[in-house]
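Novice: Structure in structure tokens, see below.
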Amino acid sequence: MTAANVITMIRIALIPVFMVLAAIDSTAAQWWAFVVFVCASLTDGLDGYIARKYNQVSNFGKFVDPLADKLLVCAALLAFVESGLVPAWAVMVILTREFTVSSLRMVAAAQGVVIQAAVWGKVKTFTQLLCIMLLLAGFGAATVAGVTVASICTWAMVAVTVISGYVYLRDNFSVVRDGISNKGESQ
């Protein structure tokens with residue numbers, strides 16, 4: 001197993017640790033959940049950098065890395081639903097986009113088409129991670145112009161998720177329809 005894949009597997013191993021800490025009703029546990037989430041998030045950039053720099057790109061990494069990212073984000077969102085910080089409908093929108101994109105990527109892969117990550121996918125990931133970190137750090141109840149940070153984060157995550165999903169479908173639905181990809185949008 002390559003160093004990049006080991007780092008990805010560490011990210012996956014941190015998810016249950018994060019979930020347990022996020023479920024504990026104490027300030028210390030919440031801060032540790034934040035630290036674990038930040039560390040796990042940072043491993044995403046690190047494993048990709050190592051894979052590219054040291055020519056460790058593998059099919060296993062191509063499969064597990066995006067899965068690890070989605071599992072980490074979903075774990076945080078589910079913790080927020082349980083605590084009442086983020087509404088379930090918003091998480092359902094985000095999950096629907098993730099399942100749709102993942103399904104289209106599988107269809108493309110079966111046809112030998114690789115759909116690369118593009119700008120809207122990166123914006124979506126950055127926005128989700130930033131919002132999750134703000135909420136984990138306890139800023140959810142703070143207000144900006146009379147609106148809670150939790151509401152702002154929820155709407156920001158939903159908006160970029162919908163936009164990135166639309167762009168992804170617009171540019172890649174031909175993979176399903178005709179077996180051809182026009183552009184590379186994902187994540």
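Novice: Only residues of region 116-136 count here: report those whose backbone N is under 16 Å from the spot 7 Å along Cα→Cβ of residue 163, or say none.
Specialist: Those under the cut-off are 118-131.
Novice: Sticking with this structure for a sec: Distance in nm between label sites at residue 78 and residue 122, each 7 Å beyond Cα in the beta-carbon direction?
Specialist: Output for this residue pair reads 3.0 nm.
Novice: By the 4.7 Å beta carbon criterion, which cysteine residues of the chain come out unpaired?
Specialist: 39, 74, each lacking another Cys Cβ under 4.7 Å.
Novice: Give me Rg over Rh for the chain, both radii from the alpha carbons and Rh done the Kirkwood way, two decimal places. Show your work: numbers first, answer last.
Specialist: On the way: Rg = 17.1 Å, Rh = 17.3 Å.
Ratio of gyration radius to Kirkwood radius: 0.99.
Novice: Listing 114, 107 from the residue with the fewest other Cβ atoms within 10 Å to the one with the most, what is the order? Before the final figure, lay out each step's value.
Specialist: Numbers: 114 11, 107 17.
Final ranking by Cβ density, sparse to dense: 114, 107.
Novice: Please provide three numbers in whole Å: the alpha-carbon extents of region 85-187 along the principal axes, with the largest listed first.
Specialist: Ordered largest first, region 85-187 gives principal extents of 48, 22, 20 Å.
Novice: Could you work out the helix-only [θ] at 222 nm for the chain, with each DSSP H run of four or more residues adding -39,500 (n - 2.57) and the total divided by the number of residues, to the nearest 500 deg cm²/dmol?
Specialist: Details: 7 runs with 142 residues, N = 187.
The helix-only estimate for the chain comes to -26000 deg cm²/dmol at 222 nm.
Novice: Would you mind ranking 27, 161, 8 so that the residue whose beta carbon has the fewest other beta carbons within 10 Å leads the list? Can you show the working numbers first?
Specialist: Values: 27 9, 161 22, 8 28.
Result, fewest neighbours first: 27, 161, 8.
Novice: Using Cα positions and a limit of under 17 Å, work out the aspartates and glutamates in reach of residue 53, with same-chain residues fewer than 8 apart set aside.
Specialist: Cα-Cα hits under 17 Å: 44, 65.
Novice: Listing 120, 32, 155 from the residue with the fewest other Cβ atoms within 10 Å to the one with the most, what is the order?
Specialist: On the way: 120 20, 32 17, 155 13.
So the residues, fewest neighbours to most, are 155, 32, 120.
Quick note: the coordinates plus some simple rules give every number you see, no bench work behind them. This structure is a prediction, so every number in the text was calculated from the model and none was measured. In this analysis, Cβ positions are derived from the backbone assuming ideal geometry, glycine residues included, and neighbour counts consider all displayed protein chains.
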